[in-house]
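The values are calculated or read from the model by the stated rules, or taken from the named source; none is laboratory data. Note that the coordinates shown come from a computational prediction; the quantities given were computed from them, not determined experimentally. Note that we place each Cβ from the backbone using ideal geometry, even for glycine, and neighbour counts take in every protein chain shown.
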Amino acid sequence: MSPSKKGGTTTSDPVRIMGSLDRGKVDVDKLIAQSKNEIVLDFATCTFISVEGLEWLEELVIRAASSKLEVRFENIPPTIYKVFKVAHIDGILKACGAPSSRLGPVC
């Protein structure tokens with residue numbers, strides 16, 4: 001992951017999630033330490049997410065927030081987004097661009 005310029009601010013290149021996300025492919029602490037402003041995960045080639053994968057994503061979002069980093073997901077296939085919606089984890093939904101679910105369920 002290397003920094004790149006985007007709109008005058010330094011951002012990181014997306015981390016590609018390829019194939020099945022069964023557990024964290026990258027150590028959460030290492031990913032956070034390498035990031036300046038945000039962490040971008042690209043799900044274009046993700047085919048499956050297990051419970052362990054969801055737990056890893058939730059941990060990433062929580063730790064990034066405590067380090068004042070934004071986490072953003074991009075290129076989310078509909079089947080993967082459906083998993084995120086069913087899991088209903090607020091931090092993961094916000095990383096997808098959905099509004100906060102604290103006001104109630106988002107469908």
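If you scan region 86-99, which residues turn out to be in contact with a Pro (Cβ under 9 Å, 6 or more places away or on another chain) and surrounded by fewer than 18 Cβ atoms within 10 Å (Cβ to Cβ)? It would help to see each step written out before you state the result.
Here is the first cut: in region 86-99, the ones in contact with a Pro (Cβ under 9 Å, 6 or more places away or on another chain) are 88, 93.
The one that is in contact with a Pro (Cβ under 9 Å, 6 or more places away or on another chain) and surrounded by fewer than 18 Cβ atoms within 10 Å (Cβ to Cβ): 88.
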Determine the pairs where a residue that is closer than 18 Å to residue 77 by Cα, located within region 42-64, has a partner that is of a type in the set (Val, Ile, Thr) and in a helix (DSSP H, G or I) with Cβ atoms under 6 Å apart, the partner being 6 or more residues away or on another chain. 43/80; 46/80; 49/83; 57/92
Quick one: residue 17 ticks every box in (1) modelled with pLDDT under 90; (2) among the aliphatic types (A, V, I, L, M); (3) touching a Lys or Arg at 6+ places or on another chain (Cβ under 8 Å); (4) within 15 Å of residue 68 (Cα to Cα) except a single one, so which number is it? (4)
Would you check if there is a residue in region 91-105 being modelled with pLDDT under 95, among the charged types (D, E, K, R), in a helix (DSSP H, G or I) and more than 23 Å from residue 35 (Cβ to Cβ)? yes
Taking region 49-84 only, how many residues are over 12 Å from the mean Cα position of the chain (by Cα) and closer than 15 Å to residue 38 by Cβ? 3
Name every residue in region 19-36 that is of a type outside the set (Val, Ile, Thr), within 14 Å of the chain's Cα centre (by Cα) and assigned to a loop (DSSP other than H, G, I, E, B), in order of residue number. 23, 24, 25, 27, 35
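Condition check: part of a loop (DSSP other than H, G, I, E, B) and either at pLDDT below 85 or within 14 Å of residue 96 (Cβ to Cβ) (or both). Does residue 72 satisfy that?
Working: part of a loop (DSSP other than H, G, I, E, B): no; either at pLDDT below 85 or within 14 Å of residue 96 (Cβ to Cβ) (or both): yes.
It is false that residue 72 is part of a loop (DSSP other than H, G, I, E, B) and either at pLDDT below 85 or within 14 Å of residue 96 (Cβ to Cβ) (or both).
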